[in-house]
1. Where residues in the stretch 174-188 are in a strand (DSSP E or B) and either touching a residue at least 40 places away in the same chain (Cβ under 8 Å) or in contact with a Pro (Cβ under 9 Å, 6 or more places away or on another chain) (or both), which of them is surrounded by the fewest Cβ atoms within 10 Å (Cβ to Cβ)?
2. Which residue pairs have Cβ atoms under 7 Å apart, sit 6 or more places apart or on different chains, and have a first residue in the stretch 131-143 that is under 14 Å from D170 (Cβ atoms) and of a type in the set (D, E, K, R) and a second that is in a loop (DSSP other than H, G, I, E, B) and open to solvent by less than 80 Å² (accessible area, probe 1.4 Å)?
3. Determine which single condition S213 fails, assuming it passes every other condition in (1) within 20 Å of K127 (Cα to Cα); (2) among the polar types (S, T, N, Q); (3) surrounded by fewer than 13 Cβ atoms within 10 Å (Cβ to Cβ).
4. Do we find a residue being of a type in the set (V, I, T), modelled with pLDDT of 95 or more and in a helix (DSSP H, G or I) anywhere in the stretch 104-119?
5. For the stretch 142-169, which residues satisfy the criterion of being in contact with a strand residue (DSSP E or B) (Cβ under 9 Å, 6 or more places away or on another chain) and assigned to a loop (DSSP other than H, G, I, E, B)?
6. What single numbered condition from (1) over 19 Å from the mean Cα position of the chain (by Cα); (2) at pLDDT 95 or above fails to hold for Y134?
7. Confirm whether L204 is surrounded by 13 or more Cβ atoms within 10 Å (Cβ to Cβ) and assigned to a helix (DSSP H, G or I).
8. Taking only pairs six or more apart or across chains, which ones have beta-carbon atoms under 8 Å, a first residue in the stretch 94-122 that is surrounded by fewer than 19 Cβ atoms within 10 Å (Cβ to Cβ), and a second residue that is modelled with pLDDT under 95 and among the basic types (K, R)?
Amino acid sequence: MFKKIPYSTTEEWLKLRGQGIGGSDAGVIMGFKQFKHNNHEKNIIDLWEEKKTGVSFHKGVTSEAMERGHKLEDLIRRQYAVDHPDKKISVIKDMYVHEKYDFIRASLDGEIVFKNDKNKIGILEIKTTTVHSYSDYKKKWIDGIPNNYLYQVLHYFLVTDYKFAVLVADIRFSYKKEDEFDLNKEIRTYTIYRDHFKNEIQELKEKEIEFWSYVMNDVEPPYIKNLII
């Protein structure tokens, strides 16, 4: 069973997160494209520097997209709860820590608990994003979800051992300009089952253990050429 570490402020959360590997780090460790800032895509060397020095790659970085995501997260969580009255949607205020590897950590957007079966618990992951073309939308969202988001969920499976996750994505279409009053967006929901990704979860675990050994031994990890998002 995973451990829980409570926190009460963003600063405490950042400190706890910096002491280990979080969900958004998983895609970087697996070599998928991640977070573009000043035309620089975060890679495994950036992540290693971040964990080694304690200085976040995101430090001081903000954007309209990040602000939008922050403002919408609770609204999306509450909307999902309204549409699923048979389930209790909990807000998580603890850092979850792997029972054996305390550097493997998770910050969940929420938990889904079936009211008629309290042992049936899963992960709620919320994403807000903007797509700039139909081809981008089709590639990333119609045929599945972006790999970095998938591996974030797989990382949470690794920590919690839960059997399912629901990813709710608020997708805004910047290329649709038919009506200035239209929201030009949609909500898509994806259900991800742990049992469908057993091999990928095991590989992720091995890669995260390997990566953390580089951090602990102050040895730069080999560079991984970015794969598709």
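The values are calculated or read from the model by the stated rules, or taken from the named source; none is laboratory data. Quick caveat, the model's predicted, so the values are computed rather than measured. Cβ coordinates were reconstructed from backbone atoms using ideal geometry, including for glycine residues, and neighbour counts include every protein chain displayed. These accessible areas exclude ligands, DNA and RNA; they are computed on the full protein's heavy atoms, side chains included. Shrake-Rupley method; radii C 1.70, N 1.55, O 1.52, S 1.80 Å.
1. I187
2. These pairs meet every condition: K140/P146; K140/I229.
3. Here S213 clears every test but (1).
4. No - not one qualifying residue is present in the stretch 104-119.
5. Answer for the stretch 142-169, where residues must be in contact with a strand residue (DSSP E or B) (Cβ under 9 Å, 6 or more places away or on another chain) and assigned to a loop (DSSP other than H, G, I, E, B): G144, I145, P146, Y162, K163.
6. Unmet for Y134, out of (1) over 19 Å from the mean Cα position of the chain (by Cα); (2) at pLDDT 95 or above: (2).
7. So L204 passes the test.
8. Matching pairs, first to second residue: S107/R17.
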